[in-house]
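The values are calculated or read from the model by the stated rules, or taken from the named source; none is laboratory data. The structure presented is a predicted model; accordingly, all values stated were derived computationally and were not measured. Note that each Cβ is placed from the backbone with ideal geometry, even for glycine, and that neighbours are counted across all protein chains shown.
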Amino acid sequence: MTVNENRRTRHVEIERDPLGMINGEGVITGTVVSAATIAAAAGHFEETRLVLTVFGTAFIYWLAHLHARTLGDAVKHHEHPATVLRESLGETWPILAASVVPAVILIIVQLVGGTILAAAWTAVIASAALLTIYSFLAGQRGGLGPIGSLVSAALGALLGLLVIALKASLH
């Protein structure tokens, strides 16, 4: 397959999957980054600053991933970075978008009267559940079959448990 044929095939895959869940990379990465940020920062900031910390961390991580992905694809496909930037944006935006769910959970729990600690625990546990679901769906979409999808889900759950362990060890 030529470089141009490979790029066309990759572009078609992105168009078929507008949520960026072909392999789950973006939502899984964004969820882990956001949950780990909450786990590490909760107790050090009030609600507003914690939510801003989650978004800020996810934004910086997304920019770093976008930069690395753009340069990597440019080198791999022997194209100018500006040429692959649009595709890289399309592939990496779920990292940033995934930070919205844990941040919204933080806000909702506090709006209903929960403490910042309760909100942080709820967001981290919900993120662990989401990692399990996202990993299962990515396994299914990747054609792993029922057993492979369950193994993928178990690995996602393990990531979530590691973030929970981080939260428990820090606070």
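Can you pull out every residue in the stretch 138-156 that is crowded, with 19+ Cβ neighbours inside 10 Å and closer than 25 Å to Lys167 by Cβ?
Ala138, Ser152, Ala153, Gly156
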Could you count how many residues in the stretch 48-64 are over 10 Å from Ala103 (Cβ atoms) and either touching a residue at least 12 places away in the same chain (Cβ under 8 Å) or crowded, with 18+ Cβ neighbours inside 10 Å (or both)? 4
List the pairs whose first member sits in the stretch 77-92 and is more than 17 Å from Phe59 (Cβ to Cβ) and free of Cβ contacts under 8 Å to residues at least 12 places away in the same chain, whose second member is buried (at least 17 other Cβ atoms within 10 Å of the Cβ) and of a type in the set (S, T, N, Q), and whose Cβ atoms are under 9 Å apart, counting only residues at least 6 apart or on separate chains? Pro81/Thr70; Pro81/Ser88; Ala82/Thr70
Taking Ala36 and the conditions (1) surrounded by fewer than 18 Cβ atoms within 10 Å (Cβ to Cβ); (2) of a type outside the set (Ser, Thr, Tyr); (3) at pLDDT 90 or above; (4) under 17 Å from the mean Cα position of the chain (by Cα), which numbered condition does it fall short on, given that it satisfies the others? (1)
Quickly run through the stretch 80-108 and pick out the residues that are surrounded by fewer than 16 Cβ atoms within 10 Å (Cβ to Cβ) and farther than 30 Å from Ile125 by Cα. His80, Pro81, Ala82, Thr83, Arg86
Can you tell me which residue in the stretch 40-91 is farthest from the chain's Cα centre (by Cα), limited to those that are closer than 20 Å to Val163 by Cα and polar (S, T, N, Q)? Thr53
